[in-house]
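For reference, the structure discussed in these notes is given below.
The values are calculated or read from the model by the stated rules, or taken from the named source; none is laboratory data. Just so it is clear, the structure is predicted and the values come from calculations on it, not from any experiment. Cβ coordinates were reconstructed from backbone atoms using ideal geometry, including for glycine residues, and neighbour counts include every protein chain displayed.
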């Protein structure tokens, strides 16, 4: 590198945490995983109790309140809007709560149609779905709550319930690991005292 060059590193939080977990699973479980998994669980439990997309939207954390499925016309002259994105969230306040965006993104892409015509969009709007047009006529956003009510609320329930079970299992695993390794250090402490 030349004189005055600056080497920049972008550190991915997930990679760092995986590294820490691999080199010191006890401290990772005891000081990070247990507390943060327990912090994320109530969010998913609340969302699993919802009975409609409107309730889901109301219970979403502030960083996911405006979640939508975007459809865009890829180029001039085409008449179909193609599903292009799921999003509009900010950064989560808990590492494991951030998994909500992954769970809902996979769900959104699995339940929503790959493409829609303008006529289909007009029909969906007439049915009461919340659909907003973006800056141009080439993109629309369908609210996530409306989308799951229309295309797959039972799929939503299954995805969220599955994640609640996953978090519960991971909490148990982290607690067991922390307890097991804490007992191991107590064994060594007794030997030193004797």
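If you take the residues of the range 73-128 that are touching a residue at least 60 places away in the same chain (Cβ under 8 Å), assigned to a loop (DSSP other than H, G, I, E, B) and under 26 Å from the mean Cα position of the chain (by Cα), which of them is surrounded by the fewest Cβ atoms within 10 Å (Cβ to Cβ)?
95
Of the residues that make up the range 143-155, is at least one farther than 20 Å from residue 66 by Cβ, modelled with pLDDT of 95 or more and either more than 21 Å from the chain's Cα centre (by Cα) or assigned to a helix (DSSP H, G or I) (or both)?
There is at least one residue in the range 143-155 that is farther than 20 Å from residue 66 by Cβ, modelled with pLDDT of 95 or more and either more than 21 Å from the chain's Cα centre (by Cα) or assigned to a helix (DSSP H, G or I) (or both).
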